Every structure is written in structure tokens, then in C-alpha cells.
1. Val99 passes all but one of (1) β-branched (Val, Ile, Thr); (2) surrounded by 10 or more Cβ atoms within 10 Å (Cβ to Cβ); (3) part of a helix (DSSP H, G or I); which number fails?
2. Whether any residue in the range 57-76 is surrounded by fewer than 10 Cβ atoms within 10 Å (Cβ to Cβ), assigned to a strand (DSSP E or B) and under 16 Å from the mean Cα position of the chain (by Cα) is what I want to check.
3. Please go through the range 55-79 and give me each residue that is touching a Phe, Trp or Tyr at 6+ places or on another chain (Cβ under 6 Å) and over 17 Å from Ser40 (Cα atoms), ordered by number.
4. Do we have Arg91 as under 16 Å from the mean Cα position of the chain (by Cα), exposed (fewer than 10 other Cβ atoms within 10 Å of the Cβ), of a type in the set (Lys, Arg) and modelled with pLDDT of 90 or more here?
Amino acid sequence: MPYENAYNTFCAKCIYLVLVYRLCFLLSTHTTNGVINLHSKQTVKYICEKYPSGNCYYFKQEVITYNSWEDISSLQWGRKRPISKTTFDKRKKEGYRTVEEFIQRPPAVIIPFKQTMKQ
């Protein structure tokens, strides 16, 4: 079809314009520190899990909903996402909710496997 190529070109230009406008919007709403905070201090918490071995693991957890933000019964904590220690310390200094959990688990059970003899 003779118009198919013109249609594809038109669609490509429209997509390009949308991306340019989106980029201009993001640049105009840029904050002073270069980061746009998507979560408030009430909807996110930062977790530090400490183990007896001395290892520490850091996570971020956000409030999510499966229905509507107005329906309080549909709000729940989402999956833990790993973050760095510097991010945890930075958010703690900024006043975000931080939780330090001490994890006490029994040692792993070792299951011996039968070894087959090689010939």
C-alpha cells in the first residue's frame, strides 16, 4: 500500500514528540538534589536485617494496594527490595522510618548424600 510508509513515518514522529514532551516535563520538575521522591515518609520503610554472623542486609519496603488507595483494607506492605548501606543510612538521617531486625535462626541441617563409587 502506498500510504503504509507514510503512516509508519507519522506514527514514529508522534512517538518521538511524546518522548520529547515527557523528557521536558521531567526536566522541568527536577528537584534540587536531582531525585524525584515517589514515596512519602508514611508509605515506605527501610529495613536492616542483622544476623549473628555479623552480616547485615538492607531492604526497602513500600505500601501497595490491590484495589484503591481510599480502601484502607486493600493496603499492604510490598516485597522487600534490596538497597545499599549508604542508602539506608541516608534515609535514616532524612527521617524516614527505619527498622533494625535481629534474625536468630538455628543453623542449617546438613543432609548427607550417598556417594557413588566411580570405577
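The values are calculated or read from the model by the stated rules, or taken from the named source; none is laboratory data. Small disclaimer: the values here were computed from a predicted structure and weren't measured. Note that each Cβ is placed from the backbone with ideal geometry, even for glycine, and that neighbours are counted across all protein chains shown.
1. With respect to (1) β-branched (Val, Ile, Thr); (2) surrounded by 10 or more Cβ atoms within 10 Å (Cβ to Cβ); (3) part of a helix (DSSP H, G or I), Val99 is out only on (3).
2. Yes, there is a match, as at least one residue in the range 57-76 is surrounded by fewer than 10 Cβ atoms within 10 Å (Cβ to Cβ), assigned to a strand (DSSP E or B) and under 16 Å from the mean Cα position of the chain (by Cα).
3. Hits for the range 55-79 are Tyr58, Ser74.
4. When the stated conditions are applied, Arg91 does not pass them.
Residues are listed down the side, and each one gets a yes or a no for (1) more than 19 Å from Lys50 (Cβ to Cβ); (2) of a type in the set (A, V, I, L, M, F, W, C):
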| position | (1), (2) |
| --- | --- |
| Gln76 | yes, no |
| Lys80 | no, no |
| Thr87 | no, no |
| Arg97 | no, no |
| Ile103 | no, yes |
| Pro107 | no, no |
| Ile110 | yes, yes |
